[in-house]
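See below for the structure under consideration.
The values are calculated or read from the model by the stated rules, or taken from the named source; none is laboratory data. For clarity, every value in this text was computed on a predicted model and none was experimentally measured. Here the Cβ positions follow ideal geometry from the backbone for every residue, glycine too, while neighbour counts run over all protein chains shown.
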Amino acid sequence: MEFRQLISKLIELEKNVGDNQIYFIVNGLMNCLKLRAGLDQDMIDLTKDLLQKLKLSKNILDIATMQGVDPMQLIYLLAHYTFMVINAKWLRNVYLSYFYQRVPHDIQFQISQLHRKIELVDPQFHATSVHVMKASKELSRSPLTFVPEKNKYIVAEFVDSLLGALRQILDFHITFMVPVQDHILNLHEGVKSISILLHVKQENFNALPDKMKDHIGVVIIDLGIVICSISVNEIKHGLAKGTDLAISRLVKDLQFVMQEVAQTHPPSSSSLRFPRTNELGSIDFFLENLQEIATSEAGSIASPKDQIQIIQEDLLFLRSFLQKIAKQRNQNVKFQALWDGAMEVAYKAEFVIDSVALGDRLECLDTVAGDIKHMKTEALKVSDSIRNDDEAQRVANNSIHFKSQLSTLALNEVLVGLDEEVKTIADRLTRGSNQLDIVSIVGMAGLGKTTLANTIYHHPSILGHFHFRAWCTISQVYSKQNLLVQILSSIGSGSHDQYIKMHEDDLVVTLFQLLKRNRYLIILDDVWDIGAWNLLERSLPNDANGSRILFTSRIENLSLQFKSDSQPHHLCHLSDKECLELLLRKIFGKEDCPPTLIKVLMQVANKCKGLPHTVVIFAGILSRIEPDCWQEFADSLNSNTSNSTEPLELSYIHLPEYLKPCLLYIGAFREDQDIPVRKLSWLWISEGFVQKIEGKSLDDVAEDYLKDLIGRSLVMVTEQRTLAGAKICRLHDLVHEFVVAKAKKESFLQISYGSNDLLQISNWGDDLSTSTGPSPHRLCMYSMSGKELAMSRPFFPGLRCLLYFGYACMGSEKLHDGPIWFLKSKLLRVLDFRDMLISGNFPSELLLLVHLRYLAISLWYSASIPSAIDNLSRLHTFLVGGNAVARLPNTIWNIKTLRHLRRTESPQSSGSTLGHQRNKTFPPSGFTLPTRDIENSPNLDHLDSFSLAINCFGEQLQKILKKLPSIRRLKCVHADAGNQTGIVKLDSLSRLESLQLHRFYGCKFEVPMNLKKLTLSRNKWPWSEISTIGKLPNLEVLKLEKKSFMGEKWEMQEGEFSKLRFLELSRLNLCNWTAYNSDNFSHLEKLVLYSCLRLEEVPLCLGESSTIEMIEVEFCRKSLVSYVEQIQQEQMEMGNQDLKVVITHAI
């Protein structure tokens, strides 16, 4: 047999017989990769490299054979392919030896040798592949034949191999220059579009003209030539001019192809996955951005302003038109079609214009402008038929014309019909057997189980009976460490930071020893299975002293799994009369209801089916509409309101449009997660949800939005600020379930609970970087490990918001050096990855996200922020987690939009409960600001809150402060932990309201007279210095924390603290505290004493205060408790029956 025939036979063997064997080998290696825990990283990388080359060489051989390339020209490529097959088979056997624990002793040497062999033949492999691809191109005028069907499959597989090669380049060669990475990423996106066309949208491909199919064939062959020719050296040192030009040409060709496909087969609205929530508000935000572009300085935003101005003008007309048809579109098919079309072109225009700012899709501007112009023409045709009536829907009237109990923020729920329930359960907890016992409250969602448990938790009979009380929220996702940390943070004297860093076994021992010989009550809220109890049981001693476990659950028979003879307390539905009583109290508070409204409210109460949650939802709706509309609302209720989602759907319908995205956004947070209100407001603002109102800051408007949602009973307050307003909030379980489902339905937000969910969102097999699904607008990822995230390669080009939440109360995950695929979504406006520690340097990919408005990350090491940070010229909020001082570059002054620049605590310590907020220590965390050439730098005129690490005093410090004219909230830490002297002069900050000063040993301070809130810790000042603070005329809140002042005696002087409303003393070595007279407490409303172990008494004249409302004492001496109880008695004699005293863990 002659040589040419032998080669032909080998190729035929490879095609017909080899496929099954190669599939077996490849599939085996891929399965090994999925089970790769504990394998050496070099071996994993080697496997990926071998698999990729194996697939690519096979697919090139298939393409060449299909095109009729002379077998003699394939001999070298066939030799490479055979080499890959032999080594893939050997590597598969190595994997098997790992799993069967028969690993050769010299395996590492063998693997390194194989790696070396592949590296040596790699240049020849690339050259041979390019030679074969060029031979395929020269054979025919029509380079690729898509008929018969088998050929189409071969081409599609070849394109997938090219996509994999690009992915490998982006994965393995992470040190290459950012422009090169950007270039290859654009090519990757184009190749992925072709892959989608051939794999998923085959009908669209089949319908294309033959000429366009021929063109696609040419492009695919050219892609093969270029991708196979890219060398490692080019990647590391920059692309050669010829390669660079070839890639640029191919990217344009690919964009042209996709434009032609889009014109032939326009994507449906559903496939675009644009958010359907508050659509007019989205257009308003887009118009604001266009105005920003129009007025921006030359070069700050790359865009053709004349063309964008035309788009802006046409869009303004469309916005006005949409406003006119908003109320009629649901009854008019033509109006609805116009609405959908206008919204689609608006979202497309935003996508294209934001891409243009990145130097991409400039050629698409004409198409977008034409689409908007076309929609304007269509709108003009029907504008005369629009009814010119602006009468608002009466039931949806959003004004409040009477006082509502719901407008106030309160932690304590209104209780109706539960007095007997409280007494019954309190008796079961405080009486009966001395053995550790379990009591359960069971009932359907919305009956008020958590409200009842919370009332019992704070009931006087419980407070006086148990030595320790702890609250632990279980929900459906939990871990043993999570549960232990929650309980210890409630009752332990250590800090939350300390507990989170402890090993699980140590937490068990610590909790057991703490509870041993103490009577305790632990409430487990929202239990779904026996698993949580199994995890905790060993940690809870039974000393036969009357300790109790109380749990709440929707599962009726769950208590029997805890204890076989358990008798659960079944929470009953409210009667119609009780529903009416609750409705009246939620709407009118202590005021009387007008008699004319009783009948309609009774009608509403009857529709609540005895569910308290339904009552408060309906009360929220009624409090926001005119009383003369209540009958219309009552008549609209049907018999299905017993369904838990029906009242919520009604409440959602009656929300103002601008509040809907705010509510849906809260669904991104985990069920039962405590949400910091300030963070939530900043996210809302960065997303463009908060409307500008003259005379009000955006923060104040966002606060009003939250108050409205709280007033409608859609959001719960779990912790209030020191004086007024919500500090921490959360959603009720039912509301959370509803919001998550609604957000998904309206394409507003997608939530991923792991890599499998990410794959479903992307509509692709096993690789997110080849996603065929439309890019989600917002994506929230829960509890994925750093390794899992790196493997999944999430890449969604149109993504605007990405949020990541780690396990609650768990140590944070680390994202190691390597390609960070989610940072390749360059249109991101919001990125919150603070729960994932980034080990290594500040990611350079972040600096390309020029549309970012909100950025929250955590850096593993003490890191400098790179000078190119000013690329993020639209940044509003910049939060950097970590416990060390971070250095800001001189370019930070160029980001004029900055509003919040904060150094936050490490992710491990970010949990928030009343207990461990006081426990936590304050690390020396802040930013140092540069002073070089500071006189010529612009001011940060909009900066509202800042974490400042002070490393200079005197004139240098004043130069910095002069650049921050609008600061309202400032946290200052000393940049040097050692003792230093100096004067911290902050009195020039005329708008400063809240100030924290930490670790200023030996320093003096001067603060502005307008200061309202002051927090001090670890300054070690003598008590004589506090008189300066006492004379501040507007000071309302004072928190003195660990080592803020040193010494045993504090004497308050005449005229001091005349406006003080809140005082906290925490972890001080104070022994004696006296006041001049009751005038020192003339405005005091709340006093908190925490872990002041040496303090024996409080000033007795505190009992003469007419304003005191609450005193909290925790981990303090019994003698101090006696003084506080004496003050309570004096207050009762003065007629103040409402003074609340909370005593916890007296020593």
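Annotations
- Any chance Leu1068 is in the same structural domain as Glu1041 (by TED's automatic domain parsing), farther than 18 Å from Glu1125 by Cβ, buried (at least 20 other Cβ atoms within 10 Å of the Cβ) and not polar (S, T, N, Q): yes
- Within segment 682-720, the residues that satisfy the criterion of being free of Cβ contacts under 8 Å to residues at least 40 places away in the same chain and part of a loop (DSSP other than H, G, I, E, B) are Val690, Lys692, Ile693, Glu694, Gly695, Lys696.
- Output for segment 555-601, where each listed residue is free of Cβ contacts under 8 Å to residues at least 60 places away in the same chain, aliphatic (A, V, I, L, M) and either surrounded by fewer than 17 Cβ atoms within 10 Å (Cβ to Cβ) or touching a Phe, Trp or Tyr at 6+ places or on another chain (Cβ under 9 Å) (or both): Leu560, Leu583, Leu597, Ile598, Val600, Leu601
- Hey, Ile500 hydrophobic (A, V, I, L, M, F, W, C) and in a loop (DSSP other than H, G, I, E, B) or not: no
- Test: residue in segment 748-766 that is charged (D, E, K, R) and either at pLDDT 95 or above or within 19 Å of Cys801 (Cβ to Cβ) (or both): yes
- Residue selected from segment 654-676 under the condition more than 13 Å from the chain's Cα centre (by Cα) and free of Cβ contacts under 8 Å to residues at least 60 places away in the same chain, by the criterion farthest from His777 (Cα to Cα): Leu655
Each row is one residue, and each column tells you yes or no for (1) modelled with pLDDT of 90 or more; (2) among the basic types (Lys, Arg).
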site	(1), (2)
Leu1032	yes, no
Arg1061	yes, yes
Leu1065	yes, no
Trp1073	yes, no
Ser1082	yes, no
Leu1095	yes, no
Leu1100	no, no
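- Test result for Ser1119, surrounded by 14 or more Cβ atoms within 10 Å (Cβ to Cβ) and not acidic (Asp, Glu): no
- Of all residues in segment 694-736, those satisfying the criterion of being basic (Lys, Arg) and within 18 Å of Pro676 (Cβ to Cβ) are Lys707, Arg721, Lys727, Arg730.
- Which numbered condition His732 fails, given (1) buried (at least 17 other Cβ atoms within 10 Å of the Cβ); (2) out of contact with any strand residue (DSSP E or B) (no Cβ under 8 Å at 6 or more places or on another chain); (3) touching a residue at least 24 places away in the same chain (Cβ under 8 Å); (4) not polar (S, T, N, Q): (2)
- Here segment 546-602 is the region considered, the condition is being closer than 26 Å to Arg469 by Cα and of a type in the set (A, V, I, L, M), and the residue that is farthest from the chain's Cα centre (by Cα) is Leu560.
- Number of positions in segment 964-983 that are modelled with pLDDT under 85 and closer than 17 Å to Glu1006 by Cα: 4
- Qualifying helices (runs of 4 or more DSSP H) (wholly inside segment 504-615; at least 3 residues being in the same structural domain as Asp635 (by TED's automatic domain parsing)): 576-588, 595-606
- Verdict on Thr921 being in a loop (DSSP other than H, G, I, E, B), at pLDDT below 90, closer than 20 Å to Phe1000 by Cα and of a type in the set (Ser, Thr, Tyr): yes
- Considering only residues in segment 826-841 that are in contact with a strand residue (DSSP E or B) (Cβ under 7 Å, 6 or more places away or on another chain) and at pLDDT below 90, the one that is surrounded by the fewest Cβ atoms within 10 Å (Cβ to Cβ) turns out to be Ser839.
- Segments classed as strands (runs of 3 or more DSSP E), wholly inside segment 958-1047, with at least 2 members that are in contact (Cβ under 8 Å) with a residue 12 or more places away in the chain and more than 30 Å from Leu1095 (Cα to Cα): 969-974, 982-985
- Scope segment 310-359; condition closer than 16 Å to Lys381 by Cα and among the aromatic types (Phe, Trp, Tyr); matching residues: Phe317, Phe321, Phe335, Trp339
- Val973 passes every criterion in (1) farther than 30 Å from Ser697 by Cβ; (2) touching a Gly at 6+ places or on another chain (Cβ under 7 Å); (3) of a type in the set (A, V, I, L, M) apart from (1).
- Residue check, Glu1036 crowded, with 16+ Cβ neighbours inside 10 Å and either within 16 Å of Asn1080 (Cα to Cα) or modelled with pLDDT of 95 or more (or both): yes
- Residues that are closer than 16 Å to Glu1064 by Cβ and part of a loop (DSSP other than H, G, I, E, B), drawn from segment 1106-1147: Ile1108, Glu1109, Phe1115, Cys1116
- Single condition Asn1019 does not satisfy, out of (1) polar (S, T, N, Q); (2) closer than 16 Å to Cys972 by Cα; (3) surrounded by fewer than 20 Cβ atoms within 10 Å (Cβ to Cβ): (3)
- Scanning segment 496-527 for residues that are β-branched (Val, Ile, Thr) and farther than 25 Å from Ser553 by Cα yields Ile500, Val509, Thr510.
- Residue within segment 861-872 that is under 20 Å from the mean Cα position of the chain (by Cα) and modelled with pLDDT of 85 or more present: yes
- The condition (being over 22 Å from Met1052 (Cβ atoms), surrounded by 15 or more Cβ atoms within 10 Å (Cβ to Cβ) and not hydrophobic (A, V, I, L, M, F, W, C)) is satisfied by just one residue among Arg991, Arg969: Arg969.
- Members of segment 677-714 found to be of a type in the set (Lys, Arg) and either surrounded by fewer than 22 Cβ atoms within 10 Å (Cβ to Cβ) or under 21 Å from the mean Cα position of the chain (by Cα) (or both), listed by number: Arg678, Lys679, Lys692, Lys696, Lys707
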